[in-house]
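Asker: Dumping the structure here so I can ask a few things about it.
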Amino acid sequence: MSLIKNALAYSGTNIIAQGAMFIQAFILRALLVPGVMGLWNLVGVVRGYVAPISVGVILGAFRELPILKGQGKTAEEASCRTVAFTASLAEAGILALGITGYGLWRGGPQVWLFLTAGLLVIASRLQEAYITFFQGAQLYVPLSRILLINGLIYAVALPVGTLAAGLPGLLIAALIAEMLKGLWMVYSGKIRGVSAGWGFDKAVFKGLLSFGLGYRVADYPMTLFLMLNLLWVTWFMDPASLALYATANGLFLQAIDITARFGTVFYTRILEDYGKGISKERIGENFRVFIQIALLVAFPLVCWAVVSAFPILVRQVIPLYDGCIPVLLILMIGGFFIPINHHLFTIWIAEKRLIPYGISNFFGLMTVGLALIFLWYVLGGRQLYQVAQAAVLGYAIHFSYMMFGLGKELFGLWGALKIYGQVIIASIWTALVILYSGQWVTMQLTFSQDLVFSLKTTSWTLIALLPLIIYGLWVSDGYRLLSRQWRMAQG
């Protein structure tokens, strides 16, 4: 039941933080026209593209810390944290210098964008390290509070900076906010007993590197797989188009983060169970329950919330960005298929089977890439919503590959077919509800007209999704799990 408690805390507080970030996104776009917003999005693209470049020490720690905890090796946990922290920050400094150097080589006013991106990479890596330490210790309840405060800091700081000085103020506010977030995480780690100082142990480093480097090589295609559509728009389209697509993609990532965090709790719990020697059959059963709750219950509700709230806010607050509405609604269907929502790959990580993991990720990258190439060059699809369609198609093909490969190993052929069918039906069902919501069409409505329309949409889409959600609770035994957690909470 600690799994349910951690998952609810980690995902529940995240809803508040994501709500604040959701509001922030609208404020920023109300203050900045798409062309200027596209420059800020360029900072995010550079940061997102470079930040994952690593020899994988933190990734090695992400695997090792839960296993060491399961084995009761406290001293080894502390040493692992210190070495991982030191190596990761040194690595981030090198990356920041590279980004800044590239910006200086390009020259022009955009050099400040690259400098900001480099500094943000350092701040991100510090926070990533401490998030990993909290996750490895299964301290999800305090971590959820820390991330909530960090989310609120970031949500407030950026609009304030933008109001004060436009794009330069936004860049400065982002740096100050990330610095405050990092300091808060370091302090919180210290009082929770998961702090890390500066130090280096060659044996520990080699142990983390032996897995982490291979993991990083195998995992990097996954990073590109999930952002290739955004990189495509960055490369082939103008800043205004990038602003629209990045708005939709950013809100999509915010939405799926709610269920992805539940998956992260499950991920570290599986690694801890693996360290304890729990049987693979029991792990497979846990996977079945997790996937059914996440993709048949939780994620349809997330889709419903997005369809209900996002379009009216765009139309009434940032009408210049209304072209991102169909892009977001299409991307939401991709949430049923992306790996961070089903976490099937966890068993590969636990067993250090990096070759099949890397092949799977490379296959996913190729499916999205080929879908984009086919749509762009063969079908001539040059619209933003068509880029989103290509991405979703690639995600779906990759999910099929994983389910009939790794899923068959965990659930058996019949079990894999059953779960695969359930997810496909859930995605089609949800897609039809979104399609017939009427939110796809660009509409010129007054606020009162839009409010009435959106309230009607909110009501009937929830009713349309309820049979799917009830079915998901039934097949996953979700009723029993949630009611038991409720009874425990009541004493």
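The values are calculated or read from the model by the stated rules, or taken from the named source; none is laboratory data. This is a predicted model, so every value here is computed, not measured. Because the Cβ atoms are built from the backbone with ideal geometry, glycine has one as well, and the counts that use them run over all protein chains shown.
Asker: Over 30 Å from ILE355 (Cβ atoms) and not small (Gly, Ala, Ser): does that describe LEU244?
Answerer: Values: over 30 Å from ILE355 (Cβ atoms): yes; not small (Gly, Ala, Ser): yes.
Taking the combined requirement at face value, the residue satisfies it.
Asker: Within the stretch 294-308, can one find any residue that is within 16 Å of GLY44 (Cβ to Cβ) and either at pLDDT 85 or above or out of contact with any strand residue (DSSP E or B) (no Cβ under 7 Å at 6 or more places or on another chain) (or both)?
Answerer: Quick first cut of the stretch 294-308, residues within 16 Å of GLY44 (Cβ to Cβ) only: none.
The answer is no; no qualifying residue exists.
Asker: So, one more: Which residues, counting only those in the stretch 48-57, are surrounded by fewer than 23 Cβ atoms within 10 Å (Cβ to Cβ) and assigned to a helix (DSSP H, G or I)?
Answerer: Once the filter is applied, which keeps residues that are surrounded by fewer than 23 Cβ atoms within 10 Å (Cβ to Cβ) and assigned to a helix (DSSP H, G or I), the stretch 48-57 yields GLY48, TYR49, VAL50.
Asker: In this structure, is VAL160 touching a residue at least 40 places away in the same chain (Cβ under 8 Å) and over 21 Å from the mean Cα position of the chain (by Cα)? Write out each step before concluding.
Answerer: Working: touching a residue at least 40 places away in the same chain (Cβ under 8 Å): no; over 21 Å from the mean Cα position of the chain (by Cα): yes.
So VAL160 does not fit the description; no.
Asker: Another one. Considering VAL121, VAL194, which residue is among the β-branched types (Val, Ile, Thr), closer than 22 Å to PRO52 by Cα and in contact with a Lys or Arg (Cβ under 7 Å, 6 or more places away or on another chain)?
Answerer: Numbers: VAL194 fails: closer than 22 Å to PRO52 by Cα.
The match here is VAL121.
Asker: Looking only at the stretch 216-262, how many residues end up being of a type in the set (D, E, K, R) and farther than 21 Å from HIS342 by Cβ?
Answerer: Total satisfying the criteria: 2.
Asker: What's the total number of residues in the stretch 99-124 that are in a helix (DSSP H, G or I), exposed (fewer than 15 other Cβ atoms within 10 Å of the Cβ) and touching a helix residue (DSSP H, G or I) at 6+ places or on another chain (Cβ under 8 Å)? Walk me through how you get there before you give the answer.
Answerer: Going residue by residue through the stretch 99-124, those that are in a helix (DSSP H, G or I) are 99-106, 111-124.
Next cut, exposed (fewer than 15 other Cβ atoms within 10 Å of the Cβ) only: 101, 104-106.
From what is left, the residues that are touching a helix residue (DSSP H, G or I) at 6+ places or on another chain (Cβ under 8 Å) are 104, 106.
Of the residues in the stretch 99-124, 2 are in a helix (DSSP H, G or I), exposed (fewer than 15 other Cβ atoms within 10 Å of the Cβ) and touching a helix residue (DSSP H, G or I) at 6+ places or on another chain (Cβ under 8 Å).
Asker: If a residue has to be in a helix (DSSP H, G or I), more than 19 Å from the chain's Cα centre (by Cα) and either at positive phi or surrounded by 15 or more Cβ atoms within 10 Å (Cβ to Cβ) (or both) to count, how many in the stretch 180-216 make the cut?
Answerer: Here is the first cut: in the stretch 180-216, the ones in a helix (DSSP H, G or I) are 180-191, 202-216.
Restricting the remaining residues to those that are more than 19 Å from the chain's Cα centre (by Cα) gives 180, 182-191, 202-214.
Subsequent filtering for residues that are either at positive phi or surrounded by 15 or more Cβ atoms within 10 Å (Cβ to Cβ) (or both) retains 180, 182, 184-186, 188-189, 204-205, 207-209, 211-214.
Summing the residues that are in a helix (DSSP H, G or I), more than 19 Å from the chain's Cα centre (by Cα) and either at positive phi or surrounded by 15 or more Cβ atoms within 10 Å (Cβ to Cβ) (or both) in the stretch 180-216 gives 16.
Asker: Closer than 21 Å to ALA17 by Cα and not hydroxyl-bearing (Ser, Thr, Tyr) - does that describe any residue in the stretch 265-287? Before you say what the answer is, go through the steps one by one.
Answerer: Restricting attention to the stretch 265-287, the residues satisfying the condition of being closer than 21 Å to ALA17 by Cα are 265-266.
Applying the additional criterion that residues be not hydroxyl-bearing (Ser, Thr, Tyr) yields 265-266.
Checking the stretch 265-287: at least one residue is closer than 21 Å to ALA17 by Cα and not hydroxyl-bearing (Ser, Thr, Tyr).
Asker: Quick one: would you say ILE122 is without any contact (Cβ under 8 Å) to a residue 60 or more places away in the chain and over 23 Å from ILE258 (Cα atoms)? Give the derivation first.
Answerer: Working: without any contact (Cβ under 8 Å) to a residue 60 or more places away in the chain: yes; over 23 Å from ILE258 (Cα atoms): yes.
Yes.
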